[in-house]
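Working notes for the structure below.
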Amino acid sequence: MRHLMNPLDFSVEELDQLFDLANDIEKNMPKYAKSCEGKKLATCFYEPSTRTRLSFEAAMLNLGGSVLGFSDAGSSSAAKGESVSDTIRIISCYADICAMRHPKEGAPMVAASKSKIPVINAGDGGHQHPTQTLTDLLTIRSLKGRLGGFTIGLCGDLKFGRTVHSLINALSRYQDITFIFISPEELRVPDYITEMLTEKGIAYQEVIRLEEVMPKLDLLYMTRVQKERFFNEEDYIRLKDFYILTKEKMELAPKDMLILHPLPRVNEISVEIDDDERAVYFKQAQYGVYVRMALILTLLEIHVD
């Protein structure tokens with residue numbers, strides 16, 4: 001039995017197999033429509049979510065399975081003080097696989113250690129968000145044709161953004177990637193990440209102004225400034241509009257640069273960008289369903305001929 005806690009839990013070769021499966025699902029949805037008949041997915045979300053939770057649910061329903069669970073801690077026995085360990089022991093009696101989001105770092109890992117069913121980390125605090133990373137990698141591979149050989153700019157909240165941390169770690173295993181970190185001083189990428197890149201000899205640059213690096217980018221990964229990760233309102237208000245991607249800034253970008261965003265966006269990408277063919281963040285959300293379908297099949301060890 002396997003769990004997914006971290007994008008690095010799968011080798012590069014295993015990720016290739018997972019993405020090949022996701023691409024086959026994209027092309028041949030009817031072939032997979034009954035592959036999880038009789039199987040149940042539990043979505044245990046202790047923190048609000050739209051895309052991740054509904055994407056997991058859509059994935060399981062597309063596979064012919066069913067879904068049960070809760071969408072916030074207040075509607076679970078956590079409100080009465082039940083521990084994550086006890087909750088997963090109970091869920092193991094009801095479901096075949098579990099996707100868990102929790103505001104505390106490491107909570108899904110605790111659940112996995114006590115679980116009788118595969119557990120997928122659907123986001124734990126500011127720590128990891130592995131299925132978003134799988135979505136990002138699948139999107140890049142499908143639209144660019146490769147994972148490696150590009151310059152990627154990551155812009156916005158690089159300090160608290162778990163999607164950013166997971167993606168950098170995952171991409172660091174591929175060849176010939178240059179990272180450009182675009183953020184205000186207060187939201188710079190944590191030291192442990194830059195130390196890891198230095199150790200591995202991976203090129204990176206830290207800048208404050210988005211405009212100065214736009215012409216160099218093959219990919220731009222935008223993120224929102226996350227109100228829920230700030231300790232005080234003043235800092236959030238001061239930094240929330242620091243980066244807004246506009247048509248004027250897009251004129252500086254290469255014609256084949258892709259814009260990704262884990263969503264939700266607030267106002268960091270102007271809605272006028274949505275019609276630009278380089279904006280692929282809604283496609284990215286669709287790829288999230290395919291990769292979660294592939295992940296469910298892989299962890300449940302279901303093979304479809």
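The values are calculated or read from the model by the stated rules, or taken from the named source; none is laboratory data. Keep in mind that what you see is a predicted model, and the values were worked out from it rather than measured. Ideal geometry is used to build each Cβ from the backbone, glycine not excepted, and the neighbour counts take in all protein chains shown. These accessible areas exclude ligands, DNA and RNA; they are computed on the full protein's heavy atoms, side chains included. Shrake-Rupley method; radii C 1.70, N 1.55, O 1.52, S 1.80 Å.
What the table below lists for this structure:
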item	result
Residues located in the stretch 132-148, provided they are within 8 Å of the chain's Cα centre (by Cα) and either open to solvent by 10 Å² or more (accessible area, probe 1.4 Å) or modelled with pLDDT under 95 (or both)	Q132
Flag for L138 being closer than 17 Å to L217 by Cα and aliphatic (A, V, I, L, M)	no
Residue match in the stretch 253-262 (condition: within 19 Å of V164 (Cα to Cα), modelled with pLDDT under 90 and touching a strand residue (DSSP E or B) at 6+ places or on another chain (Cβ under 6 Å))	no
The stretch 193-224, residues that are among the charged types (D, E, K, R) and without any contact (Cβ under 8 Å) to a residue 12 or more places away in the chain	E195, E199, E212
Criterion (of a type in the set (D, E), assigned to a loop (DSSP other than H, G, I, E, B), modelled with pLDDT of 95 or more and over 30 Å from P190 (Cβ atoms)) met by exactly one of E57, E82, E37	E37
Test result for L158, touching a residue at least 24 places away in the same chain (Cβ under 8 Å), open to solvent by 10 Å² or more (accessible area, probe 1.4 Å), part of a loop (DSSP other than H, G, I, E, B) and not polar (S, T, N, Q)	no
Positions within the stretch 92-116 being of a type in the set (V, I, T) and open to solvent by 20 Å² or more (accessible area, probe 1.4 Å), in sequence order	V110
Filter pass, E199 being in a helix (DSSP H, G or I), more than 30 Å from C44 (Cβ to Cβ) and either among the aromatic types (F, W, Y) or open to solvent by 40 Å² or more (accessible area, probe 1.4 Å) (or both)	yes
